[in-house]
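Colleague: Attaching a single structure in structure tokens format; questions to follow.
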Amino acid sequence: MSKIKKKDIEEIRRAVEKEFPDDPALQQVHIARKIIAKEAQLEGLSFFEYIKLLGKQVKHV
């Protein structure tokens, strides 16, 4: 489960909507990427280290 607060997710969403006002699909991609980056930061990992860790967890399920 994500450790990111709802407030942080809302801030990310608003910032991305301003950056890409006319493209909801691109907004969703960037929102997801920024949330993953924030989760990685909270874990003390780089974006790519965090993705690799998630991939290993999925393989073991």
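The values are calculated or read from the model by the stated rules, or taken from the named source; none is laboratory data. Quantities reported herein were computed from a predicted structural model and do not represent experimental measurements. These area figures cover heavy atoms from the full protein model, side chains too; ligands, DNA and RNA do not enter into them. Shrake-Rupley method; radii C 1.70, N 1.55, O 1.52, S 1.80 Å.
Colleague: If residue 4 satisfies every condition in (1) open to solvent by 80 Å² or more (accessible area, probe 1.4 Å); (2) not in a helix (DSSP H, G or I) but one, which is the exception?
Modeller: All conditions pass for residue 4, except number (1).
Colleague: Residue check, residue 31 against (1) modelled with pLDDT under 95; (2) part of a helix (DSSP H, G or I), all met but one. Which one?
Modeller: With respect to (1) modelled with pLDDT under 95; (2) part of a helix (DSSP H, G or I), residue 31 is out only on (1).
Colleague: Here's something else I'd like to know. Can you find, within segment 7-31, the residue that is farthest from the chain's Cα centre (by Cα) among those that are among the charged types (D, E, K, R) and open to solvent by less than 100 Å² (accessible area, probe 1.4 Å)? Working first, answer last.
Modeller: Kept after step one, since they are among the charged types (D, E, K, R), are these residues of segment 7-31: 7-8, 10-11, 13-14, 17-19, 22-23.
Among the residues that remain, those that are also open to solvent by less than 100 Å² (accessible area, probe 1.4 Å) are: 8, 10-11, 13, 17, 23.
Values: 8: 11, 10: 12, 11: 12, 13: 10, 17: 15, 23: 18 Å.
Filtering first and then ranking leaves 23.
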